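In what follows, a structure is listed as C-alpha cells, so that the remarks can point back to it.
The values are calculated or read from the model by the stated rules, or taken from the named source; none is laboratory data. Source: prediction; values computed, not measured. Cβ sites come from the backbone with ideal geometry, for glycine too, and all protein chains shown count toward neighbours. SASA here: full protein model, heavy atoms, side chains in, ligands and nucleic acids out. Shrake-Rupley method; radii C 1.70, N 1.55, O 1.52, S 1.80 Å.
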Amino acid sequence: MSSPSSSTNDTTSNFITIFDNGTYSTVLLNIKAEDFSSDSKTTSPSKPLIIATPSCSEGGEFPVLLMLHGYILYNHFYSQLIKHIASHGFVVIAPQLYTIAGADSSDEIKDTAAIIDWASKSLKNVLPSNVRPNLDKLAISGHSRGGKVAFALALKKVTTSPLKISALIGIDPVDGMGKKNQTPPPVLTHLPQSFKLDGMPVLVIGSGFGAIKKNPLFPPCAPEGVNHENFYNESQNPAWYFLVKDYGHLDMLDDCTKGVRGVSTYCLCKNGQSREPMRKFVGGVIVAFLNAYLKADESMLVSIRDGEETIPVKFDKVDVRL
C-alpha cells in the first residue's frame, strides 16, 4: 500500500530547537490510488499523497497538517520540510494536486476538501500501527498558489472543508500576477482584515526576494499586491507575520530538486545563497505556531517574536495581532 523511507534524527545533544529535526524518527509514506484493491476496506485517496509521520517505534496521537504544493511543483520537493515538521510530533499530508494546471484553482480547492474527507475515514489505516491521527486538531498550509488554495478552502470559497480547520498557514502565498490580475477564484479583497475566519489563527511567512524579478524575461514569483503582505493584512486576529530577509520564494524546498521542474526552481525566482536556513526557519516557525494553537504551548512562538530564540535567518519584518 505504501513505499516507506525512514529517517532517524542524528542529533546527539539533549538540546534540540524547533529549527532542528525533532525527537521523533520519521517515515515517508507514498500513497497512491493504485495501491488499493477493489475489495480493500480502506478507500483510496483521490490524489497521490506523501505522508510524513512519526514512526511506529514512538507511537502516540498526533495533530494533522495538510501541506499544499506551489504552482506546477511536485509534492516530493517538500520532503525535507515535511519530515522536519513530522519529527516534532505531527502527521503531515502532502498531496499532488495536479501536474499541469491552468489559471483557475477551483478544482484544487475541491480536491483538497476531498483529501480531508478521505483522511477522516482512512488516514488511520495507512499510518504505522500505533500512530493515531488527531483530526480534531487539523491545520492546513500551502506554499505559493497552494497558500491561496488553503486560504480559499478556509474561507469556504467553491466548497467547504468536511472537518473543522483549526489553524491556517500561508508560506509565501500568491493570488495571481498582480492586484488587477488575480487568478480565479480571487481570494484577496484588498480590504483590511476582510477574511472571515471565525477566530481561526493564521500564520503568514513571506520571502524578502519574492517580489523581485530573477531576470527581465520572467515576472517576480510573489508579485506585490497579491503576496504575503496582502494575505496577512486581510487576516483577522489572531495573525502572525514573519517576513524573511534575503531569501526567495522557493528557498524552503529540498536542497536537491531533480528533473526539468526541479532545475527550474533555481532559475525562475530570485533565491538566497542556500535553501537550508530558510527551510529550517519555515519548518521551525510552523512547529512553533502549531504547538501554540494545537498543543497550547506558545513559548517558542513568543520567543521567536520577541527575538529571544536563535534563528537561522534574519527578518525584514515581524508583526503580530492577537
Inset, instruction - For the chain, calculate the relative contact order in percent as a whole number, restricting contacts to Cα pairs under 8 Å that are 6 or more residues apart. - result: 16
Legend entry - Gyration tensor (alpha-carbon) shape descriptor, region 168-210, a/c threshold 1.5: oblate
Inset, instruction - Would you mind getting me the FRET efficiency between Val263 and Ala103? Use the beta-carbon distance for r and R0 = 22 Å, nearest 0.05. - result: 0.35
Legend entry - Whether region 205-300 is rounded, prolate or oblate, judged on the alpha carbon gyration tensor where a/c under 1.5 counts as rounded: oblate
Legend entry - Per the chain, cysteines lacking a partner by the 4.7 Å Cβ criterion: Cys56, Cys256, Cys267
Inset, instruction - Could you point to the label whose value was computed as P(r) over Cα pairs in 10 Å bins from 0, in percent for the structure here, given [x] 6, 29, 38, 22, 5, 0; [y] 5, 25, 32, 24, 10, 4, 0; [z] 6, 25, 32, 18, 5, 4, 4, 3, 2, 1, 0? - result: [x]
Legend entry - FRET E, pair Ser120, Lys314, Förster distance 35 Å, beta-carbon r, rounded to 0.05: 0.30
Inset, instruction - Please work out how much length the chain gains when fully extended from Thr160 to Arg321, using 0.36 nm per residue of separation minus the C-alpha to C-alpha distance, in nm with one decimal. - result: 55.4 nm
Legend entry - Computed lengthening from Val302 to Asn215, 0.36 nm per intervening residue step minus Cα-Cα distance: 27.6 nm
Legend entry - Residue-averaged 222 nm ellipticity for the chain, from DSSP H runs of 4+ at -39500 (n - 2.57), nearest 500: -7500 deg cm²/dmol
Inset, instruction - Please list 257-269, 87-99 highest first by mean number of surrounding beta-carbon atoms within 10 Å per residue. - result: 87-99, 257-269
Inset, instruction - Keeping all protein chains in position, work out how much accessible area Lys156 exposes to a 1.4 Å probe, and write it in Å² to the nearest 10. - result: 130
Inset, instruction - If a/c stays under 1.5 just call it rounded; otherwise compare a/b with b/c (prolate if a/b is bigger, oblate if not). Do that for region 167-258, with a ≥ b ≥ c from the square roots of the Cα gyration tensor eigenvalues. - result: oblate
